[in-house]
Amino acid sequence: MARVVVGISGGVDSSVAAYLLKEQGHEVIGMFMINWHDTEGLLSGDCPLHDDEVFAKLVCKKLDIPLHIVDLSETYYKRVTEYMFDEYAKGRTPNPDVLCNREIKFDAFLEEALKLGADYVATGHYCQKNSYIDENGKEIFQLIAGADSNKDQSYFLCQLNQYQLSKALFPIGHLDKPDVRKIAEEIGLATAKRKDSQGICFVGKVALPEFLKQRLKAKEGDIIEVPKDWDGYFARRLSSRRIDYAMPYDYSSCTNCIGKHNGAHFFTIGQSKYLGIGGRKEKMFVIATDTVNNIVYVGEGHDHPGLNRKCLIIKKDDVHLISVDKIPCVCKVRIRYRQPL
């Protein structure tokens, strides 16, 4: 049997993962990560770090396994938080959870686990892995979706590499969430009925504009409405070039100012909250942001052409292949968590 370090987060999933590994006969060690200290921007009622640590200690005591506490907050800030601030400043919407898994849980955390002599690290992710031997006799690891389609988290692990997967275990990936809670209740874990964490990975549920104001300054700008019959949409439809369908629209010719905002970098495409625009039959949505000129472009209705695209182009340098060694290859796509492939 192996020595496995489990990332104990204070939630039910990692708690049951540790229990299952111990039941399988592994030597299990718990490790609790401190990745964030600042509470500015956190919504009231969110579970603070202290509560997570208390639950982690209760779980490890119940399972009779040791618990190590490691502070990775400096690494987290440099590798995850700085990236997040920079992306919002450029008008893009980052996914810090994806980066956290690649840079923290399966890198910095893995390094700490190896110091304890770990053969593997385990987490409470709802995903699975498989492997096969290639033509050169090398073992190739595959990332597989979790059995619970409603909780599948393979999306958040999409940037792991072969080495990281070789060291990873996902003990609950074959289970549904209700089964995990049932196991926790049956063995009397303190986390059995604890709510799932939400928000930014290891930070918590945040009021995003307030959180971003830690680094990004508020600056008043115009909210410009783009009509559904804007000429640019018609011109694009006449094009026969596929790339034209995927390139960003240039709304600079639109000048109908219908409101003010406090910073284009605080908004993301598809957002309908915090616009402060009323008196419309349908919701207003952000369809584009211009962080250089500090403009937010909006359109009315779910069927607005600015919200619906027929083509997506991904740059070759942005493609990360886990277990396929060459392209082209036929793929299905998920643009955001829980969307159908």
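Here Val333 meets each of (1) of a type in the set (Val, Ile, Thr); (2) open to solvent by 100 Å² or more (accessible area, probe 1.4 Å); (3) under 22 Å from the mean Cα position of the chain (by Cα) with one exception, condition (2). The residue that is most open to solvent (accessible area, probe 1.4 Å), among those in the stretch 282-304 that are in contact with an Asp or Glu (Cβ under 6 Å, 6 or more places away or on another chain) and among the hydrophobic types (A, V, I, L, M, F, W, C), is Ile295. Once the stretch 247-281 is narrowed to residues that are basic (Lys, Arg) and in a loop (DSSP other than H, G, I, E, B), the residue that is most open to solvent (accessible area, probe 1.4 Å) is Lys281. Among the residues that make up the stretch 305-327, is at least one of them under 21 Å from Cys254 (Cβ atoms) and crowded, with 16+ Cβ neighbours inside 10 Å? Checked the stretch 305-327: at least one residue is under 21 Å from Cys254 (Cβ atoms) and crowded, with 16+ Cβ neighbours inside 10 Å. Within the stretch 36-47, being under 30 Å from Glu185 (Cβ atoms) and either modelled with pLDDT of 90 or more or part of a loop (DSSP other than H, G, I, E, B) (or both) holds for Trp36, Leu43, Ser44, Gly45, Asp46, Cys47. For the stretch 56-163, the strands (runs of 3 or more DSSP E) that sit wholly inside it and include 3 or more residues that are more than 25 Å from Arg338 (Cβ to Cβ) and open to solvent by 40 Å² or more (accessible area, probe 1.4 Å) are 67-71, 127-133.
Within the stretch 2-14, residues that are touching a residue at least 60 places away in the same chain (Cβ under 8 Å) have Cβ atoms under 6 Å from residues that are hydroxyl-bearing (Ser, Thr, Tyr) and assigned to a strand (DSSP E or B) in these pairs: Ala2/Tyr120; Val4/Tyr120, counting only partners at least 6 apart in sequence or on another chain.
Within the stretch 93-151, the set of residues being of a type in the set (Ser, Thr, Tyr) and in contact (Cβ under 8 Å) with a residue 40 or more places away in the chain comprises Thr93, Tyr120, Thr123, Tyr126. Being modelled with pLDDT of 80 or more, open to solvent by 30 Å² or more (accessible area, probe 1.4 Å) and over 26 Å from Asp303 (Cα atoms), is that true of even one residue in the stretch 200-211? The answer is no, given that none of the residues of the stretch 200-211 is modelled with pLDDT of 80 or more, open to solvent by 30 Å² or more (accessible area, probe 1.4 Å) and over 26 Å from Asp303 (Cα atoms). His50 meets the stated requirement of being closer than 15 Å to Ser197 by Cβ and at pLDDT below 95. A single entry from Pro171, Pro178 fulfils the requirement of being open to solvent by 50 Å² or more (accessible area, probe 1.4 Å) and either more than 17 Å from the chain's Cα centre (by Cα) or farther than 18 Å from Lys22 by Cα (or both): Pro178.
The values are calculated or read from the model by the stated rules, or taken from the named source; none is laboratory data. Since the model is a prediction, treat every value here as computed from it, not as a measurement. Using ideal geometry, Cβ is built from the backbone for each residue, glycine included, and neighbour counts are taken over all protein chains shown. SASA here: full protein model, heavy atoms, side chains in, ligands and nucleic acids out. Shrake-Rupley method; radii C 1.70, N 1.55, O 1.52, S 1.80 Å.
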